[in-house]
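*Asks:* Can you keep this structure in mind? I'll have questions shortly.
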Amino acid sequence: MLRLRPMLSMRLVEQPAPAGSRDVDQLVSWLLDTLEFVRRSGDDWTGEGVHSPIHRILCEFMLKEPGQGWDAQTLGDELGLSPTAIQYQLSKLNECGLTAAVNRDGWRVHHLRNGSLSNAVEMMANEARLVLEQRLRMLDVWMTESDFRMNIPSEKRDDGQFQIQIRGRAPLLEGQDELDAFLLDLGLLGDRVRRPADGSPLLGRLIFEHLLNAHTPLSLDEALDQWGTTRPRLTRTLDRFRAAGLVERIPRIDRLPVTLWSALHSQHDRRGSDWLMKKGGLSRIDEKVAKKIIKALEGGSFNVEICEKIFVSVEPKQQMVLLNLLGGKLPIGWRLCGAKSSQVCEKVLTKADRTFRRIKRVAETLEKAIQDD
């Protein structure tokens, strides 16, 4: 009996845990969404309240009889679909590590690994975490260590939905190197990767190489100057790195003096000193500092260097409040989320572990709910 095990390939999309729910359909839907099996809104339902084929395969067959195996022909007859369509769904379950297949009497028989969903999820999570950890080790080779990179404190609020692809290392394609493979295997280049006709590197690679060696955050303006293209495209690229836990978004506090100088100068020219003192926010900071600013503005000597010296005694949070009252906006920057590669790896793995723990809890709840039924 030949056992068939494809190379690991899965997606993780962190979802809020379905706390307290024991509805089997809802729990299975949560599991499919977290592993991103259903990637188009139209795939959720096939019409008249019937769930997608992969949902039905799990609910009506594998979870009800976890110790049994199923071939594409049998499932196709039961679900009214072609064996080819069923095989496509089964291959996705195999690739993510939830199921395995054996050759039996000329058919590929698919089954939950080790006879239960909780066992299958545990094996899947352990394998996926190990593959992810090994892939992230490549950052040791590429990443420049920099304590200066983390001079600006991280924002606690900058913790969006975790989303990453985990794929085992395959032989390199022609013209591909390890960094290309890394970006593709972690889904950091998007779903539709199109190489430029002139053979130049992909935008995602260029930006990631910059971040690997940068000591300061990268703003959109700087990215536009360096690579052109459009703001939405740059934002999408940077946010893919951020969703995977490799990159974080922070306010460019290092640009505060320049931004404050511009806002103060502009508002003084438009509204004058009285407005700055009353509605412009200067009354909220130390009176001596405010008077120095007004004096420099009225004397025509207010420049970026003087602005930085005047505000050296003012807390960054107060400066940001003042900037907001002046109608200015502090640039946002993107940077790797650690001074060392080990710190970046730890943050990515922590987010992956959190998602795997949720999957394990849902698997255990699912088994109990099915047993109770």
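The values are calculated or read from the model by the stated rules, or taken from the named source; none is laboratory data. Keep in mind it's a predicted model, so treat the numbers as computed, not measured. Please note: Cβ atoms are built from the backbone with ideal geometry, for glycine as well, and neighbour counts cover all protein chains shown.
*Asks:* Give me a count of the residues in region 206-222 that are over 20 Å from residue 342 (Cβ atoms) and buried (at least 19 other Cβ atoms within 10 Å of the Cβ).
*Replies:* The total comes to 3.
*Asks:* To continue, here is another question. So which of 338, 333, 245, 281 is at pLDDT below 85 and surrounded by 14 or more Cβ atoms within 10 Å (Cβ to Cβ)? Show your work before the answer.
*Replies:* On the way: 338 fails: at pLDDT below 85; 333 fails: at pLDDT below 85; 245 fails: at pLDDT below 85.
Answer to the check: 281.
*Asks:* Since residue 319 meets every condition but one in (1) touching a residue at least 24 places away in the same chain (Cβ under 8 Å); (2) in contact with a strand residue (DSSP E or B) (Cβ under 9 Å, 6 or more places away or on another chain), which condition does it not meet?
*Replies:* (2)
*Asks:* Name the residue, out of 125, 181, 170, 120, that is closer than 30 Å to residue 359 by Cα, among the small types (Gly, Ala, Ser) and exposed (fewer than 15 other Cβ atoms within 10 Å of the Cβ).
*Replies:* Step by step, each of 125, 181, 170, 120 is checked, and only 170 is closer than 30 Å to residue 359 by Cα, among the small types (Gly, Ala, Ser) and exposed (fewer than 15 other Cβ atoms within 10 Å of the Cβ).
*Asks:* To continue, here is another question. Going by the structure shown, is residue 327 more than 30 Å from residue 186 (Cβ to Cβ), assigned to a loop (DSSP other than H, G, I, E, B) and in contact with a Leu (Cβ under 7 Å, 6 or more places away or on another chain)?
*Replies:* no
*Asks:* Examine region 96-108 for a residue that is among the polar types (S, T, N, Q), out of contact with any Cys (no Cβ under 6 Å at 6 or more places or on another chain) and not in a strand (DSSP E or B), and state whether such a residue exists.
*Replies:* Scanning region 96-108 turns up no residue that is among the polar types (S, T, N, Q), out of contact with any Cys (no Cβ under 6 Å at 6 or more places or on another chain) and not in a strand (DSSP E or B).
*Asks:* So residue 184 clears everything in (1) closer than 23 Å to residue 247 by Cα; (2) in contact (Cβ under 8 Å) with a residue 24 or more places away in the chain except one condition, right? Which one?
*Replies:* (2)
For every residue, the table says whether it meets (1) farther than 30 Å from residue 146 by Cα; (2) assigned to a helix (DSSP H, G or I); (3) outside the structural domain of residue 119 (by TED's automatic domain parsing); (4) among the hydroxyl-bearing types (Ser, Thr, Tyr).
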{"position": "266", "(1), (2), (3), (4)": "yes, yes, yes, yes"}
{"position": "277", "(1), (2), (3), (4)": "yes, yes, yes, no"}
{"position": "302", "(1), (2), (3), (4)": "yes, no, yes, no"}
{"position": "349", "(1), (2), (3), (4)": "no, yes, yes, no"}
{"position": "368", "(1), (2), (3), (4)": "yes, yes, no, no"}
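*Asks:* Inspect region 332-346 for any residue being among the basic types (Lys, Arg), closer than 16 Å to residue 12 by Cα and touching a residue at least 24 places away in the same chain (Cβ under 8 Å) and give the result as yes or no.
*Replies:* No, region 332-346 contains no residue that is among the basic types (Lys, Arg), closer than 16 Å to residue 12 by Cα and touching a residue at least 24 places away in the same chain (Cβ under 8 Å).
*Asks:* Are any residues in region 15-40 farther than 20 Å from residue 371 by Cβ, surrounded by 14 or more Cβ atoms within 10 Å (Cβ to Cβ) and not hydrophobic (A, V, I, L, M, F, W, C), and if so, which ones?
*Replies:* Matches in region 15-40: 15, 33, 34, 36.
*Asks:* Does region 16-34 contain any residue that is modelled with pLDDT of 85 or more, in contact with a strand residue (DSSP E or B) (Cβ under 7 Å, 6 or more places away or on another chain) and outside any helix (DSSP H, G or I)?
*Replies:* No: zero hits.
*Asks:* Across region 70-92, what is the total count of residues that are of a type outside the set (S, T, N, Q), in a helix (DSSP H, G or I) and touching a residue at least 40 places away in the same chain (Cβ under 8 Å)?
*Replies:* Going through region 70-92 one residue at a time, the tally reaches 1.
*Asks:* Then there's this: Among the residues that make up region 74-81, is at least one of them at pLDDT 95 or above and among the β-branched types (Val, Ile, Thr)? Explain how you work it out, then say what you get.
*Replies:* Step one: of region 74-81, the residues at pLDDT 95 or above are none.
Checked region 74-81: no residue is at pLDDT 95 or above and among the β-branched types (Val, Ile, Thr).
*Asks:* Kindly state which helices (runs of 4 or more DSSP H) lie completely within region 146-261 and contain at least 2 residues that are among the charged types (D, E, K, R) and within 30 Å of residue 294 (Cα to Cα).
*Replies:* Ranges flagged: none.
*Asks:* Only one residue in 193, 109, 131, 141 is more than 16 Å from residue 96 (Cα to Cα) and surrounded by 15 or more Cβ atoms within 10 Å (Cβ to Cβ), so which one is that? I'd like the intermediate steps shown before the answer.
*Replies:* Working: 193 fails: surrounded by 15 or more Cβ atoms within 10 Å (Cβ to Cβ); 131 fails: more than 16 Å from residue 96 (Cα to Cα); 141 fails: surrounded by 15 or more Cβ atoms within 10 Å (Cβ to Cβ).
Selected residue: 109, the only one of 193, 109, 131, 141 that is more than 16 Å from residue 96 (Cα to Cα) and surrounded by 15 or more Cβ atoms within 10 Å (Cβ to Cβ).
*Asks:* Hey, among 118, 91, 146, which residue is more than 24 Å from residue 13 (Cβ to Cβ), out of contact with any strand residue (DSSP E or B) (no Cβ under 8 Å at 6 or more places or on another chain) and among the hydroxyl-bearing types (Ser, Thr, Tyr)? I'd like the intermediate steps shown before the answer.
*Replies:* Numbers: 118 fails: more than 24 Å from residue 13 (Cβ to Cβ); 91 fails: more than 24 Å from residue 13 (Cβ to Cβ).
Exactly one residue qualifies, and that residue is 146.
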